[in-house]
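Data first, discussion second: the structure below is written as structure tokens.
The values are calculated or read from the model by the stated rules, or taken from the named source; none is laboratory data. The shown structure was predicted, so the numbers you read here are calculated from the model rather than taken from an experiment. Here Cβ is always computed from backbone atoms with ideal geometry, including for glycine, and neighbour counts include all displayed protein chains. Protein only, heavy atoms only, side chains kept; ligands, DNA and RNA dropped before computing areas. Shrake-Rupley method; radii C 1.70, N 1.55, O 1.52, S 1.80 Å.
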Amino acid sequence: MRVRVPNTIKAALWAIKDRIIIESNKFPLEGVLLELFKKKQPNFQGTPLFENLVKEGLVSIPVDPHRALLSFEKLIKTNRAILAINGNPNFIHNLTKTPFISSDNPFISHTHVRNLEKIRPYSYDENRTTEIIFPITSNIALLISAKNSNEKQHFNINKEKTVREINSKISLYSDRYIFGNSTTLIRGVPNFGDRCPVPSSGKSRIGPNGVVHELVLEFGPPIKERNKWKYDFEP
């Protein structure tokens with residue numbers, strides 16, 4: 001399974017494990033651990049680090065799942081983008097011939113920018129507009145602003161360019177799959193299969209008690225917890 005944002009507990013677990021690796025890499029391997037690695041990789045060039053032990057399966061990093069549960073509570077309470085929402089949610093009605101798509105990770109939230117390449121997933125800035133989008137049907141999507149409030153709840157979209165921009169964001173946030181009502185529609189959406197929202201352990205704030213206080217996300221290569229992964233509905 002790939003670690004991705006909606007599965008917050010697994011994302012927190014991955015960030016904790018990765019932080020342990022980063023800190024452990026600061027110390028040279030010695031004694032039994034070094035001997036084990038040399039037996040496993042006798043031709044290894046350079047200085048082996050703790051992360052090499054993990055990659056070779058010589059060391060595992062079990063993390064108490066309660067740490068992730070405690071992290072989950074703190075992350076929900078400090079989700080500023082959600083807590084700062086003002087006014088009513090808006091529903092955008094797609095009146096074009098190009099339907100909305102959806103994905104296996106349909107919740108989109110970030111500080112609003114027009115350039116897709118500059119989007120920081122799940123980012124928040126109290127001085128800027130946060131854009132939250134959730135496709136409900138092929139013709140209706142939920143739009144929430146964490147800064148700008150508007151009493152009007154329903155808006156029509158008549159420009160296909162706007163729909164294509166929304167579909168591109170939905171594709172960007174997808175984990176593995178995007179869904180649409182035609183093959184032509186799916187093929188016309190930009191493919192971001194080589195990246196998705198992943199936790200950044202280096203930028204996230206993790207306390208000395210092993211609890212994640214702030215989870216920072218970025219777009220990057222999928223993080224695989226095992227070599228072969230699949231969804232429950234896959235054979």
Self-check item: Residue ID - farthest from I140 (Cα to Cα), chosen from residues in the stretch 169-184 that are in contact with a helix residue (DSSP H, G or I) (Cβ under 8 Å, 6 or more places away or on another chain) and open to solvent by less than 30 Å² (accessible area, probe 1.4 Å)
Solution: L172
Quiz item: If the Cβ limit is 7 Å and pairs must be 6+ apart or interchain, which residue in the stretch 117-146 that is under 17 Å from S168 (Cβ atoms) pairs with which residue that is of a type in the set (F, W, Y) and in a loop (DSSP other than H, G, I, E, B)?
Solution: F134/F107; P135/F100; S138/F100; A141/F100
Exercise. Please tell me if T98 is touching an Asp or Glu at 6+ places or on another chain (Cβ under 7 Å) and modelled with pLDDT of 85 or more.
Key: yes
Quiz item: Any residue at all in the stretch 59-73 that is more than 21 Å from the chain's Cα centre (by Cα), modelled with pLDDT of 85 or more and outside any loop (DSSP other than H, G, I, E, B)?
Solution: no
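For Q45, state whether it is farther than 17 Å from S200 by Cα and free of Cβ contacts under 8 Å to residues at least 12 places away in the same chain.
Considered against the rule, which asks whether it is farther than 17 Å from S200 by Cα and free of Cβ contacts under 8 Å to residues at least 12 places away in the same chain, Q45 comes out as yes.
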Practice problem: State all residues of the stretch 81-95 that are at negative phi and modelled with pLDDT under 95; if no residue qualifies, say none. | Solution: A81, I82, L83, A84, I85, N86, N88, P89, N90, F91, I92
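Residues checked against (1) among the hydroxyl-bearing types (S, T, Y); (2) surrounded by 18 or more Cβ atoms within 10 Å (Cβ to Cβ):
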{"residue": "N94", "(1), (2)": "no, yes"}
{"residue": "P99", "(1), (2)": "no, no"}
{"residue": "S103", "(1), (2)": "yes, yes"}
{"residue": "P106", "(1), (2)": "no, yes"}
{"residue": "T111", "(1), (2)": "yes, yes"}
{"residue": "R114", "(1), (2)": "no, no"}
{"residue": "I132", "(1), (2)": "no, yes"}
{"residue": "I136", "(1), (2)": "no, no"}
Quiz item: Which ranges mark the strands (runs of 3 or more DSSP E) fully within the stretch 109-204 that have 1 or more residues being within 17 Å of T98 (Cβ to Cβ) and not aliphatic (A, V, I, L, M)?
Solution: 130-135, 154-157
Quiz item: Does I21 qualify as being open to solvent by less than 60 Å² (accessible area, probe 1.4 Å), modelled with pLDDT of 85 or more, in contact with a helix residue (DSSP H, G or I) (Cβ under 8 Å, 6 or more places away or on another chain) and part of a helix (DSSP H, G or I)?
Solution: yes
Quiz item: When D194 is evaluated against the numbered criteria (1) in contact with a strand residue (DSSP E or B) (Cβ under 6 Å, 6 or more places away or on another chain); (2) within 30 Å of S24 (Cα to Cα); (3) not polar (S, T, N, Q), which criterion, by number, is the only one it fails?
Solution: (1)
